[in-house]
Amino acid sequence: MSLRPLTHSTLPPPLTALDRSFAAWLNDQQSSTHPSHLWLAALVSHQWGRGHACLDLQSLQSQPAALLGWTPDEVHRLPTDCAELVDTLPWTQGEHSPLVNQGHRLYLRRAWAAEQTIRTALQLRIATPVAAPAELEDWLNQLFDAPQDTVGQDMQRQACRLAATQQVALITGGPGTGKTTTVARLLALLQRAAPTPLRIGLVAPTGKAAARLSESLQKAQQGLPEGWGQDLPTQAQTLHRLLYSHAGTSTGEATLPLDLLVVDEASMMDLEMTATLLQALPPSARLILLGDRDQLASVEAGAVLAQLSDGPLLKAQRETLLYSHRFDQGSGIGQWARAVQGVQAEELRKLWSQAPQVFKHTEADVTRLSWTTAHGPPITDMLKAAWGPWWSELQALLASGQGASDAQAHNLMVAFSRFIVLCGLREGPWGVKNLNRLSAQALGLPDTQWCAGRPVMVTRNNAGLGLMNGDIGLCLPRAGATPQDPPTLRVAFPQGADGVRWVAPSRLDAVETVFAMTVHKSQGSEFEHVLLVLPDRPAPVLTRELVYTGLTRARKRLTLWVPQAQVLWQACAQQVVRSGGLAD
């Protein structure tokens, strides 16, 4: 007997229209005789939309509420026999079936195929023998100042040694632990050992992260011993730009003309992007993955870095850097980061009580605010003061009437990036939209109109303009070609280390004002001072990873605006665990 089409009354609201439509479509292709089959299909789609690579059937039986993110009342409507009936699903049969049942996991075929591609590509590299340079230890002594080794340098040396002897290496660590410093030395070592210059690629998932990787490697290369900096790359690009600038990538061909690829901020790589990258990278090319496994996972499905860090697949190919050069033992930001990482509830409460309740400059690098309303003069004054140094520079430029040169635009963008508002949510009083409106209001700017001083973030890749989702620009009057030419309103975007590219506002159809951004959007960035804003009530998105990612974007100062401290404690106790098979 064929089942009737799914409706809102058939399955509960937590399943989206897409989830229900997917199950109904499968039933139209091959009808089922059991209602639980439709539930399983809809739940696989539901979990994919929530970032999971699969539906974990064991967790579905033992802890369905935690797995699905549902309330007890919503879970109560689940059939009790779902997991038991997975072997009778009509949509897992055959080589091209839309679903794949493997062990205790049920996958969309696209997700299963991506996992298999990643696993196979990594296993191939693991099995590829790599001869260590005969001079390896001597070179390591030169690169890491052997007589005065510190704890941090010992870890970096070991990571470099491991990566020099493997075809694939995973180097993880928190902010300031020296991942890019280690890689700069590794690249110098491998380039010296190569008979011909290596073709090296540097990539990151976002434009901001790629710019930071470029900047970090340039600084690290300046610290190399004399004679060690030849033929080393300094400019990184986004993963999208690397992959889709080479024909054939989408068909699974190994088309990237590289001998070595470094991927920074690998925690942001989703399942399908990782699979596409590994298909395009020649098997002979080395792969170095860098990242912080405690940061937020990718927005799309998958938790590739976390699962590879926890599982046995790259056990012999990974090294973790633990010593932070940015946050020493006395650093308040460092103490917060360690307490959040370790879910140390008592330590978190102690740090909260010790943080001064002020926003203005103090000796403390961590301060807190407990305002319970997200409007009014105190907030406007706070935001005006926070953006004050940058705003003063901008007003001086505007008063001159000359327009901005490339150098002036670059300096203004640097000044702007010293402070940022990071929010856990987009909507609501403590969300991005309201904080953007309040910041613009504090400076006397319109919220969404083009004007001098408007900062914007690109929200959709634009290959024609060479702009990627997450790129940040600043609207400014650009100086004319000659002193007689009047300034023209343009948007300045960073280009390279100190360069600027100008784009007409009329060409930017997918941007939003960015005095504030979500913590998710901030990954791969760092700022001197971060105002981290949490709402006054719990939300599913508020997790340990979000709090950790937000506070570690701060380089020198962190201000926590938390209307209800209990929301912070609950967020730090809530960890993101995504289902998938790469940890097997």
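The values are calculated or read from the model by the stated rules, or taken from the named source; none is laboratory data. Since this is a predicted model, take the numbers as computed values, not measurements. We place every Cβ from the backbone using ideal geometry, glycine too, and count neighbours over all the protein chains shown. For accessibility, only protein heavy atoms count, side chains too; no ligands or nucleic acids. Shrake-Rupley method; radii C 1.70, N 1.55, O 1.52, S 1.80 Å.
Tell me which of these Leu476 doesn't satisfy, since it passes every other one: (1) open to solvent by 20 Å² or more (accessible area, probe 1.4 Å); (2) out of contact with any His (no Cβ under 6 Å at 6 or more places or on another chain).
Here Leu476 meets the rest and fails (1).
Within the range 479-503, track down each residue that is of a type in the set (A, V, I, L, M) and open to solvent by 20 Å² or more (accessible area, probe 1.4 Å).
Within the range 479-503, Ala479, Ala481, Leu489, Ala497 meet the criteria.
Are any residues in the range 159-185 in a loop (DSSP other than H, G, I, E, B) and farther than 27 Å from Gly334 by Cα, and if so, which ones?
Thr165, Gln166, Gln167
Of all residues in the range 108-125, how many are open to solvent by 10 Å² or more (accessible area, probe 1.4 Å) and among the charged types (D, E, K, R)?
The number of residues fulfilling the criteria is 3.
Out of all the residues in the range 259-280, is one or more under 21 Å from the mean Cα position of the chain (by Cα), modelled with pLDDT of 90 or more, part of a loop (DSSP other than H, G, I, E, B) and of a type outside the set (D, E, K, R)?
So far as the range 259-280 goes, yes, one or more of its residues are under 21 Å from the mean Cα position of the chain (by Cα), modelled with pLDDT of 90 or more, part of a loop (DSSP other than H, G, I, E, B) and of a type outside the set (D, E, K, R).
In the range 419-455, what residues are among the acidic types (Asp, Glu) and more than 16 Å from His520 (Cβ to Cβ)?
Of the range 419-455, the ones among the acidic types (Asp, Glu) are 427, 447.
Within the range 419-455, just Asp447 meets the criteria.
Of all residues in the range 238-254, how many are open to solvent by less than 60 Å² (accessible area, probe 1.4 Å) and at pLDDT 80 or above?
Residues that pass the stated criteria total 4.
Assuming His37 fulfils every condition listed in (1) open to solvent by 60 Å² or more (accessible area, probe 1.4 Å); (2) at pLDDT 90 or above apart from one, which condition is it?
Condition not satisfied by His37: (1).
Which ones in the range 346-371 are in contact (Cβ under 8 Å) with a residue 24 or more places away in the chain, in a loop (DSSP other than H, G, I, E, B) and hydrophobic (A, V, I, L, M, F, W, C)?
Of everything in the range 346-371, those that are in contact (Cβ under 8 Å) with a residue 24 or more places away in the chain, in a loop (DSSP other than H, G, I, E, B) and hydrophobic (A, V, I, L, M, F, W, C) turn out to be Ala355, Phe359, Ala364, Trp371.
Do we find a residue being without any contact (Cβ under 8 Å) to a residue 40 or more places away in the chain and open to solvent by 40 Å² or more (accessible area, probe 1.4 Å) anywhere in the range 509-523?
Narrowing the range 509-523 to residues without any contact (Cβ under 8 Å) to a residue 40 or more places away in the chain: 509.
From what's left, open to solvent by 40 Å² or more (accessible area, probe 1.4 Å): 509.
So far as the range 509-523 goes, yes, one or more of its residues are without any contact (Cβ under 8 Å) to a residue 40 or more places away in the chain and open to solvent by 40 Å² or more (accessible area, probe 1.4 Å).
Which of the residues spanning the range 376-399 are over 21 Å from Ser417 (Cβ atoms), open to solvent by 60 Å² or more (accessible area, probe 1.4 Å) and without any contact (Cβ under 8 Å) to a residue 24 or more places away in the chain?
The answer is Pro377, Pro378, Ala399.
Among the listed residues Gln153, Gln230, Gln218, which satisfies the condition of being under 18 Å from Leu258 (Cα atoms) and either open to solvent by 30 Å² or more (accessible area, probe 1.4 Å) or assigned to a loop (DSSP other than H, G, I, E, B) (or both)?
Exactly one residue qualifies, and that residue is Gln230.
Evaluate the following for Glu545: is it charged (D, E, K, R), within 30 Å of Gly49 (Cβ to Cβ), buried (at least 20 other Cβ atoms within 10 Å of the Cβ) and touching a residue at least 24 places away in the same chain (Cβ under 8 Å)?
For Glu545, the condition - charged (D, E, K, R), within 30 Å of Gly49 (Cβ to Cβ), buried (at least 20 other Cβ atoms within 10 Å of the Cβ) and touching a residue at least 24 places away in the same chain (Cβ under 8 Å) - is met.
Those residues that are touching a Cys at 6+ places or on another chain (Cβ under 7 Å) and closer than 30 Å to Gln222 by Cβ, I need them from the range 108-142; list them, please.
Looking only at the range 108-142, we keep the residues that are touching a Cys at 6+ places or on another chain (Cβ under 7 Å), and these are 111, 140.
Leu140, the sole residue that qualifies.
Please work out if Leu351 is farther than 23 Å from Leu443 by Cα and open to solvent by less than 60 Å² (accessible area, probe 1.4 Å).
The answer is yes for Leu351.
Could you give every pair whose Cβ atoms fall below 9 Å, whose first residue belongs to the range 52-79 and is closer than 23 Å to Ser298 by Cβ, and whose second residue is among the aromatic types (Phe, Trp, Tyr), counting only separations of at least 6 or pairs across chains?
Ala53/Tyr107; Ala53/Trp112; Cys54/Trp48; Cys54/Tyr107; Cys54/Trp112; Leu55/Trp48; Leu55/Tyr107
Against the conditions (1) in a loop (DSSP other than H, G, I, E, B); (2) in contact (Cβ under 8 Å) with a residue 24 or more places away in the chain, where does Asp328 fall short? Just the number, please.
So Asp328 meets the others, but not (2).
Quick check: anything in the range 463-483 of a type outside the set (S, T, N, Q), over 20 Å from Ala415 (Cβ atoms) and not in a loop (DSSP other than H, G, I, E, B)?
Checking the range 463-483: at least one residue is of a type outside the set (S, T, N, Q), over 20 Å from Ala415 (Cβ atoms) and not in a loop (DSSP other than H, G, I, E, B).
Filter the range 84-107 down to the residues that are open to solvent by 20 Å² or more (accessible area, probe 1.4 Å) and either within 33 Å of the chain's Cα centre (by Cα) or under 16 Å from Trp48 (Cβ atoms) (or both) and list them by number.
Thr92, His96, Pro98, Asn101, Gln102, Gly103, His104, Arg105 - these are the residues of the range 84-107 that are open to solvent by 20 Å² or more (accessible area, probe 1.4 Å) and either within 33 Å of the chain's Cα centre (by Cα) or under 16 Å from Trp48 (Cβ atoms) (or both).
So is Ala339 surrounded by fewer than 23 Cβ atoms within 10 Å (Cβ to Cβ) and touching a Leu at 6+ places or on another chain (Cβ under 6 Å) or not?
Taking the combined requirement at face value, the residue satisfies it.
For (1) among the aromatic types (Phe, Trp, Tyr); (2) part of a helix (DSSP H, G or I), each residue gets a yes or a no:
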| residue | (1), (2) |
| --- | --- |
| His46 | no, yes |
| Ser59 | no, yes |
| Glu74 | no, yes |
| Ser97 | no, no |
| Tyr107 | yes, no |
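Residues of the range 194-237 being modelled with pLDDT of 90 or more and out of contact with any helix residue (DSSP H, G or I) (no Cβ under 8 Å at 6 or more places or on another chain), which ones?
Ala194, Pro195, Thr196, Arg199
Could you tell me which numbered condition Val421 fails, if it satisfies all but one of (1) open to solvent by less than 20 Å² (accessible area, probe 1.4 Å); (2) within 30 Å of the chain's Cα centre (by Cα); (3) at pLDDT below 95?
Only one criterion is unmet by Val421, namely (3).
What tally of residues in the range 355-370 results from selecting those that are surrounded by 18 or more Cβ atoms within 10 Å (Cβ to Cβ) and within 21 Å of Arg537 (Cα to Cα)?
Qualifying residue count, the range 355-370: 3.
Within the range 186-201, can one find any residue that is surrounded by 15 or more Cβ atoms within 10 Å (Cβ to Cβ), in contact with a strand residue (DSSP E or B) (Cβ under 6 Å, 6 or more places away or on another chain) and in a loop (DSSP other than H, G, I, E, B)?
yes
Among the numbered criteria (1) assigned to a helix (DSSP H, G or I); (2) under 28 Å from Leu582 (Cβ atoms), which one does Leu78 miss?
Of the numbered conditions (1) assigned to a helix (DSSP H, G or I); (2) under 28 Å from Leu582 (Cβ atoms), the odd one out for Leu78 is (1).
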